[in-house]
Structure formats: C-alpha cells, structure tokens
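Here the structure is laid out as structure tokens; the discussion comes afterwards.
The values are calculated or read from the model by the stated rules, or taken from the named source; none is laboratory data. Just so it is clear, the structure is predicted and the values come from calculations on it, not from any experiment. Note that each Cβ is placed from the backbone with ideal geometry, even for glycine, and that neighbours are counted across all protein chains shown.
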Amino acid sequence: MRYNTRHKKEKRPYKIVVALAVLAIIMTFMVSIAANSGTAALRPTEDKITHELMKRDSMKSVAAFSKVYSVLMSPRCVNCHPAGEVPLQGDDSHLHAMLPQRGKDGKGILTMKCANCHQPENTPGTHTPPGSPNWHLPPADMKMVFEGRSPRELAMQIIDPEKNGNKDMKALIAHADDELVKWGWQPGEGRTLPPLSHKEFKEAWITWLKNGAYAPSN
Amino acid sequence: MATINLKINGKQHALDVDPSTPLLWVLREHLNLVGTKYGCGVAACGACVVHLDGEAVRSCVTKVKRAADKEVVTIEGLSEKGDHPLQQAWQQVDVPQCGYCQSGQIMSAAVLLREIPNPMDEEIDLAMAGNICRCGTYLRIRKAIHLAAGIQQETK
C-alpha cells in the first residue's frame, strides 16, 4: 500500500509537467496564429483605416498628432481650409482680398477662378500670388475645414473618409507628399513657414496614423 | 529666349521672347495691343484681365509660356467692330470716368455674361469683386452689365 501510495504521489508531478507542456504548445500555436494574422493584417491598414487592425499606441499617436496639428493650423495650411466660402490670406489669416468664392469644385467661380491669378508656380516678389499647379480649396461638398477646429475635432475629421475626401490610410499617408501640401514649405517670399520641417511633419503624420490615428481628448 | 506660338484675337504669332515674360508685356510691348492696362502688377486690381482659353486671367502675372498654343482674347478682339453688348452698354451708361480700368472690367464682365446671361446684382458683385475702379464707378458698371445682358438677349 505504501508503495502504491508513494507511486501515485510520484506520478502527479509528471502529469502536471505534461499538462503544462501541452498548454505551452497550444499557447505557442495560438500566439503564432495571432502573430501571423497580425502581420497579414498590418498590410490592409495601408488601404483602409481599421483601428482593430492597426498597431495601437495611443500615447505615441496622440503625441505625434500634436505636432501634426501645429502644422495644420499654421497659416500655410489653414488659409486654404477656411470655415467659410472665402479663402484666407497672410500670416494673420485674414479674408482673401477680392473675396473669391470657393465654388463647387473648390477652384473658384466665374471670373474669379483660383488659376486666373495663381500660376503653376509662385510669382516672384512680395505680395504676389503664390502658386502651384493645382491651386484650389477643398470642394463645396467636402470642405475639410481646419479653421477653428480643436485637435480632437480635426483628428476625427481627418480619419473619417466621409469628411476627408474619401481618403483611406494609403491616400492619407500619400497626402503628406501632395504637391499642394508640400508648397507649404516653399510658399514664396514674405510668407512664414510651418513650425516643423516637411520631414518632421511627415514623420509625425505617419506616426500618428500608423499607431492608431488616435484623436486627442480635446 | 524661345519661340512662343501665340494665338491672339484669332491671329497666330511666333514670338522670340523669354518664356517667363508676363503676357501683359508681350501684348503691349511686342504686339502693340495697348488696350490692356498695367495696374498693380500683382494680380490685385484687374486692369490687365484678358481671356485665356475663355478664362479671365490677369496678364500681369501670367507668364507668356502659359499662353503658348492657347487662345488669347484682348479688349481689341472682344468684338470686330467694338460693338460687343458690353461695349455698347458701357457707352450708353457712360460708365468710365478716367477709363483706366475699363478694359479689364469689360473683359471680366464678358466672362460673367457668357456664364450667366442675365445675372442678378449679387452675381455681378461676386464676379466683379476682383476689378477695382479707383473712380468708384461701380454702380454704373453694374447698371451697364444689366443693360448688356438685355442687349445680348435681344441680339440672339
């Protein structure tokens, strides 16, 4: 009896070890599946904003957005993302002289089309029209207003395809290199630059988006 | 220097000019089309408006290379006999005081009437907001545009 009892007692640790080993194998397998699906899932985030599929780091994301926000609210960006129908002008973001209207396509109306004055490149000299090949405001059906937006409001707006010009993640990332966006860093004589370099802005933009595109709390 | 092909008021021209020369300079200095005026030089007054493929562009900031192979119309080419409805109305209402801005005003108004044949006051104000008249003849300009709209409708 003693022997048997002792024998049973000796077998228990062996069972526990086996059970733990099986558990470890199952967990490894599950982690492997999760990791594989995660890797695969990271690619689609390039095409579509799906928070569940993105790498989530709210602290990193929100910190990056504060840098992004400082640029988006600079006159070089906000002047062409006005709350009203008239673009803004100058470092003090006053209403554009002559009150040109946005128009349906964002390119002005009638005699007051943007390209009637704004050339494909900056016109030399101070107080001359700045230029880029596709000078325009956001269109009337998607105004993409920056003026007056809080950090939270702007972040929410940017990641909403119904408010951002139907841009998915890939298009949003690419937008950092849009010719008109990059004009902000070559604005011509007499215009201040955004507070960050384009390289710093782009890094912050991508960091914000790829870490979950979190909106700040206010 | 480069040879730029321009079609101005229906006539072809091949000009040897610096491609970055403002169109206004080319019109006035090379082609002696002096009806288009130099005002501010920074696209802020509208005195230099001409039509480029039908758009009311400001020729003082438009480089001549942008006009290459496009259709340019100046005040001299707006009508054959100076009898465009706007030109008739301008005379009937006696719009100009000093007259310096009027070619730009008429060229802008022509685009307006093409797009909106019978514009309301508000539409006139929006379309003409980029054309400054230092004599302050705005009310006569608006009246003449209404009159021209009527003339245009009658002659159709």
Original post:
In region A:135-218, which helices (runs of 4 or more DSSP H) lie fully inside it and hold 1 or more residues that are more than 23 Å from A:ASP91 (Cα to Cα)?
Top reply: A:151-159, A:169-175, A:198-210
Original post:
Taking into account only those residues within region A:101-112 that are in contact with a strand residue (DSSP E or B) (Cβ under 6 Å, 6 or more places away or on another chain) and within 7 Å of chain B (Cβ to nearest Cβ), which is surrounded by the most Cβ atoms within 10 Å (Cβ to Cβ)?
Top reply: A:THR111
Original post:
Name the residues in region A:113-142 that are surrounded by fewer than 18 Cβ atoms within 10 Å (Cβ to Cβ) and either under 17 Å from A:HIS81 (Cα atoms) or in contact (Cβ under 8 Å) with a residue 24 or more places away in the chain (or both), would you?
Top reply: A:PRO124, A:GLY125, A:THR126, A:HIS127, A:PRO133, A:ASN134, A:PRO139, A:ALA140, A:ASP141, A:MET142
**OP:** With the condition kept exactly as written, say whether any residue in region A:69-87 is within 11 Å of chain B (Cβ to nearest Cβ) and either of a type in the set (Phe, Trp, Tyr) or surrounded by 14 or more Cβ atoms within 10 Å (Cβ to Cβ) (or both).
**Re:** yes
**OP:** Enumerate the pairs (first residue in region A:145-173 and more than 17 Å from A:ALA83 (Cβ to Cβ); second residue anywhere and of a type in the set (S, T, N, Q) and surrounded by fewer than 20 Cβ atoms within 10 Å (Cβ to Cβ)) with beta-carbon separation below 8 Å, excluding pairs fewer than 6 apart on the same chain, so at least 6 apart or on different chains.
**Re:** A:LEU172/A:ASN164
**OP:** Report the residue count in region B:13-65 for those that are within 21 Å of B:TYR100 (Cα to Cα), of a type in the set (Gly, Ala, Ser) and more than 11 Å from chain A (Cβ to nearest Cβ).
**Re:** 3
**OP:** Test each condition in (1) under 28 Å from A:THR128 (Cβ atoms); (2) surrounded by 18 or more Cβ atoms within 10 Å (Cβ to Cβ); (3) more than 14 Å from chain A (Cβ to nearest Cβ) for B:GLY136 and report the one that comes out false.
**Re:** (2)
**OP:** List the number of the failed condition for A:LYS143; all other conditions in (1) at pLDDT 95 or above; (2) under 25 Å from B:LYS65 (Cβ atoms) hold.
**Re:** (2)
**OP:** Kindly establish whether B:GLN97 is on the phi < 0 side of the Ramachandran plot, touching a helix residue (DSSP H, G or I) at 6+ places or on another chain (Cβ under 8 Å), of a type outside the set (A, V, I, L, M, F, W, C) and away from chain A (no Cβ under 14 Å).
**Re:** no
Subject >> Cβ pairs under 8 Å, 6+ apart, first in region A:48-70 and modelled with pLDDT under 95 and among the β-branched types (Val, Ile, Thr), second in a loop (DSSP other than H, G, I, E, B) and surrounded by 13 or more Cβ atoms within 10 Å (Cβ to Cβ) >> reply: A:ILE49/A:PRO161; A:ILE49/A:ASP168; A:ILE49/A:ALA213
Original post:
Do we have any residue at all in region B:14-29 that's among the polar types (S, T, N, Q), at pLDDT 95 or above, closer than 25 Å to A:LEU99 by Cβ and exposed (fewer than 15 other Cβ atoms within 10 Å of the Cβ)?
Top reply: no
**OP:** Quick one: count up the residues across region A:60-79 that are over 18 Å from the mean Cα position of the chain (by Cα) and assigned to a loop (DSSP other than H, G, I, E, B).
**Re:** 1
**OP:** With the condition kept exactly as written, say whether any residue in region A:95-111 is among the small types (Gly, Ala, Ser), in contact (Cβ under 8 Å) with a residue 40 or more places away in the chain and part of a loop (DSSP other than H, G, I, E, B).
**Re:** no
